[in-house]
Amino acid sequence: MQSTNVEQKVEFDIFRKSVRQFLNKHAAPYFEQWEEDKQVPRDFWLEMGKQGFLCPWADEQYGGSGVDFNYSVIINEELSLIGAGIGGIGLHSDVVMPYIDEFGTPEQKQRWLPKAVSGEIISAIAMTEPGAGSDLAGIKTTAILDGDHYVVNGEKTFITNGILSDVVIVAC
């Protein structure tokens, strides 16, 4: 094993330990209540952001750490140990916001990424449809350009983070 691999493993282990300690203190004691309430409170999202546990891959200019995807994997593994109901955090960090990072305009990135990293905003993706499930080839929702905006027509269901979301990516 090369020394860089050993050093990286040590870094990952230290990071995993900090995530686990954080979650054991700030999530585990409250998880059953969150399940009963059917939502993870915003103050927890803000705490995740303060610790750098939201969108860790994001560029430093947006408040992220600019680290590789292994850090997201560690965060998601540790979140899964708390319970599946907390999985919306991974969706926010590793599904929704990468769309904005990859396809957003500079203005959209500046508007949404810093607040997603800090936990000030919560994101969702509206993909699943009653007749198509999450089969993107079968979706029926349309977005038709009308002047300087789009008219969206269709139905979506099962939108993780939907009730708390501030920004939603809609598959059309």
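The values are calculated or read from the model by the stated rules, or taken from the named source; none is laboratory data. These numbers come from a predicted model, not from an experiment. Neighbour counts are summed over all protein chains in view; Cβ atoms, including those assigned to glycine, are modelled from backbone coordinates with ideal geometry. Note: areas computed on protein heavy atoms with side chains; ligands, DNA, RNA excluded. Shrake-Rupley method; radii C 1.70, N 1.55, O 1.52, S 1.80 Å.
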statement: With the first residue restricted to the range 73-101 and required to be small (Gly, Ala, Ser), and the second required to be open to solvent by less than 10 Å² (accessible area, probe 1.4 Å), Cβ contacts under 7 Å at 6 or more apart or on different chains are Gly87/Leu79; Gly90/Leu79; Ser93/Leu54; Ser93/Cys55; Ser93/Ser72
Residues (open to solvent by less than 100 Å² (accessible area, probe 1.4 Å) and either of a type outside the set (Val, Ile, Thr) or assigned to a loop (DSSP other than H, G, I, E, B) (or both)) located in the range 1-10: Ser3, Asn5, Gln8
- prompt: Looking at the range 114-172, which of its residues are outside any loop (DSSP other than H, G, I, E, B) and of a type in the set (Gly, Ala, Ser)?
  reply: Ala116, Ser118, Ser123, Ala124, Ala126, Gly133, Ala137, Gly138, Ala143
message: Criterion first (over 12 Å from the mean Cα position of the chain (by Cα) and surrounded by 13 or more Cβ atoms within 10 Å (Cβ to Cβ)) does Gly83 satisfy it?
response: yes
query: Pick from the range 35-51 the residues that are modelled with pLDDT of 95 or more and not charged (D, E, K, R): which of them is surrounded by the most Cβ atoms within 10 Å (Cβ to Cβ)?
result: Met48
message: Can you confirm whether Glu32 is exposed (fewer than 14 other Cβ atoms within 10 Å of the Cβ) and at pLDDT 95 or above?
response: yes
query: In this structure, is Glu107 at pLDDT 95 or above, part of a helix (DSSP H, G or I) and surrounded by fewer than 20 Cβ atoms within 10 Å (Cβ to Cβ)?
result: yes
message: Just to be sure before I move on: is Asp101 acidic (Asp, Glu), in contact with a Leu (Cβ under 7 Å, 6 or more places away or on another chain) and in a helix (DSSP H, G or I) in the structure I sent?
response: yes
message: Among the residues that make up the range 18-33, is at least one of them farther than 21 Å from Pro98 by Cβ, assigned to a helix (DSSP H, G or I) and β-branched (Val, Ile, Thr)?
response: no
- request: Consider only pairs whose beta carbons are under 8 Å apart and that are at least six residues apart or on different chains; among these, list those whose first residue lies in the range 34-55 and is under 17 Å from Ile82 (Cα atoms) and of a type outside the set (Ser, Thr, Tyr) and whose second residue is open to solvent by 80 Å² or more (accessible area, probe 1.4 Å) and not in a helix (DSSP H, G or I).
  value: Lys38/Ile163; Gln39/Ile163
Selection from the range 122-172 of residues that are touching a residue at least 60 places away in the same chain (Cβ under 8 Å) and open to solvent by 70 Å² or more (accessible area, probe 1.4 Å): Ile163
- prompt: So which residues in the range 11-33 are of a type outside the set (S, T, N, Q), under 13 Å from Ile74 (Cβ atoms) and without any contact (Cβ under 8 Å) to a residue 60 or more places away in the chain, if there are any at all?
  reply: Glu11, Asp13, Ile14, Phe15, Lys17, Val19, Phe22, Leu23
- request: Quickly run through the range 52-77 and pick out the residues that are surrounded by fewer than 17 Cβ atoms within 10 Å (Cβ to Cβ), at negative phi and either not aromatic (Phe, Trp, Tyr) or not in a helix (DSSP H, G or I) (or both).
  value: Asp59, Glu60, Gln61, Ser65, Val67, Asp68, Asn70, Val73, Glu77
